[in-house]
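Every read-out reported here was derived from the displayed coordinates using simple, explicitly stated rules and does not represent laboratory data. Just so it is clear, the model here is predicted, and its values are computed rather than measured. No Cβ is skipped: glycine too gets one built from the backbone with ideal geometry, and neighbour counts run over all protein chains shown.
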Number of protein chains: 2
Amino acid sequence: MNTTAIIVAAGSSQRMGFDKLAAPLAGVPVLRRSLDAFLTSGCIAEVIVVCPPERWKLLENATSGGFAKPVRRVDGGANRQDSVANGLAALAPGAELVAVHDGARPLVSPEDITRCVAAAASFRAASLARRVTETLKRADADDCCTEAVAREDLWLMETPQVFEVGLLREAYAKVRAERLEVTDEVSAMQAIGIRVKFIEASQPNPKITRPSDLVLATAILTIQ
Amino acid sequence: MNTTAIIVAAGSSQRMGFDKLAAPLAGVPVLRRSLDAFLTSGCIAEVIVVCPPERWKLLENATSGGFAKPVRRVDGGANRQDSVANGLAALAPGAELVAVHDGARPLVSPEDITRCVAAAASFRAASLARRVTETLKRADADDCCTEAVAREDLWLMETPQVFEVGLLREAYAKVRAERLEVTDEVSAMQAIGIRVKFIEASQPNPKITRPSDLVLATAILTIQ
């Protein structure tokens, strides 16, 4: 199926204090690594990068002979979900599946992208995810433990999250109409009652949020 | 306060297929690295390693001139919580705080140990932990999303977990009396209604569970 990737890269990196998407990971900017994974994956027809013009330069500067596949830029919105909506509005008419990916997950493997796209082709909606294996607790405002949270059947969402284009449009229309706030597209799918299939990541796929995540990602790259 | 560390290293490493605690991490066995972190930390008076005699040789063989602090071995029990109870039973009379640590977390930093011990001195009970920063969902038997789980205030438990000795004894007495199964000491504290303060880890502190964890830990050591 004709699949477009939307890479969301419009955030301001407030938690890091510097532009995490521009940070070099073993010499290559984080955002460029995310893009490369989708350009390498055989199942992606086009990539839309949602980012400001100055961030787009990270990608252009790294490319001498152009990209291996069509890549377009669209502006971001006020928050993550508006940015995804902007990408969705820019899809080519022939797009059947859409894979939404956080630009700050530079280590996603082309194989895991392909597995998620295949699952979405079967189940209409799929997300890369990871089972929780550690003990999980809830804390109060003082960071003191208040209750245990059963970890059985709990998954941490990753990206890409892949959907039939019509489904994601319907979900975002509902999100907009009801003024919901969603942290990912699985949450948007829940708003319209669609079951999302979880695909366990075969490779570490951390989100670069804090400086220590950059250290960890560099380590992972070193051993891969 | 007089603080003893209990390093739990009695498991059989079933998930790994080989002895993960004996595995070399940049040339030094995993368990030895865990021990060294506590020997290096200025706030620990004594260390009790809960492990079988053959595993103890990993530590002795690595030491020519003896340990920098008192280190004793006690036998493990049938499961993790019995092993912790064995360590607890072996505490010296003067011990005021006890820091329980998984031997399979070799990258814990002496600084994070000190931070947890200081927190336990103030709050009576503290655990090294990591905030959940990803979106969390619950799945059904088909690995399909069923519900969202609010991630605000959710933490993944790490070790060390540090407590007033009397509190941990009380908690384990309750665990034993009610035949509870606990995956960590924070869970035991909850059984007696004690608030545990979470201290966010400043360094990666992965538990060596799968072979890929070992490779990852090696890489983290390389860049630290």
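Observations on the structure shown:
- The stretch A:36-59: number of residues that are free of Cβ contacts under 8 Å to residues at least 12 places away in the same chain and among the acidic types (Asp, Glu): 2
- Of the candidates A:Ser127, A:Ser202, the single residue that is touching a residue at least 40 places away in the same chain (Cβ under 8 Å), surrounded by fewer than 16 Cβ atoms within 10 Å (Cβ to Cβ) and not β-branched (Val, Ile, Thr) is A:Ser202.
- A:Phe38, sole failed condition from (1) farther than 25 Å from A:Glu200 by Cβ; (2) surrounded by 20 or more Cβ atoms within 10 Å (Cβ to Cβ); (3) among the aromatic types (Phe, Trp, Tyr): (1)
- Residue that is surrounded by the fewest Cβ atoms within 10 Å (Cβ to Cβ), among those in the stretch B:18-35 that are without any contact (Cβ under 8 Å) to a residue 12 or more places away in the chain and outside any strand (DSSP E or B): B:Gly27
- Residues in the stretch B:168-199 that are part of a helix (DSSP H, G or I) and within 13 Å of chain A (Cβ to nearest Cβ) were compared, and the one that is surrounded by the most Cβ atoms within 10 Å (Cβ to Cβ) is B:Glu185.
- Of all residues in the stretch A:118-153 being of a type in the set (D, E, K, R) and touching a Leu at 6+ places or on another chain (Cβ under 8 Å), the one that is farthest from the other protein chains (Cβ to nearest Cβ): A:Arg124
- Scanning the stretch A:88-106 for residues that are buried (at least 16 other Cβ atoms within 10 Å of the Cβ) and assigned to a loop (DSSP other than H, G, I, E, B) turns up A:Ala90, A:Leu91, A:Ala95, A:Gly103, A:Ala104, A:Arg105, A:Pro106.
- Here the condition is being over 27 Å from A:Arg210 (Cβ atoms) and of a type in the set (Ser, Thr, Tyr); of B:Thr209, B:Thr159, B:Thr146, B:Thr183, it holds for B:Thr146 alone.
- Residue match in the stretch A:154-167 (condition: in a loop (DSSP other than H, G, I, E, B) and facing chain B (nearest Cβ under 7 Å)): no
- The set of residues in the stretch B:107-117 that are in a loop (DSSP other than H, G, I, E, B) and either among the β-branched types (Val, Ile, Thr) or within 11 Å of chain A (Cβ to nearest Cβ) (or both) comprises B:Leu107, B:Val108.
- Selection over the stretch B:118-144 of residues that are among the β-branched types (Val, Ile, Thr) and either touching a Ser or Thr at 6+ places or on another chain (Cβ under 9 Å) or outside any loop (DSSP other than H, G, I, E, B) (or both) gives a count of 2.
- Some residue of the stretch A:137-146 being within 19 Å of A:Ile113 (Cβ to Cβ), in contact with a helix residue (DSSP H, G or I) (Cβ under 7 Å, 6 or more places away or on another chain) and surrounded by 20 or more Cβ atoms within 10 Å (Cβ to Cβ): no
- Subset of the stretch A:200-224 [in a helix (DSSP H, G or I) and either among the hydroxyl-bearing types (Ser, Thr, Tyr) or touching an Asp or Glu at 6+ places or on another chain (Cβ under 8 Å) (or both)]: A:Ser212, A:Thr218, A:Thr222
- Flag for B:Val175 being within 23 Å of A:Leu214 (Cβ to Cβ) and either in contact with a Phe, Trp or Tyr (Cβ under 8 Å, 6 or more places away or on another chain) or among the β-branched types (Val, Ile, Thr) (or both): no
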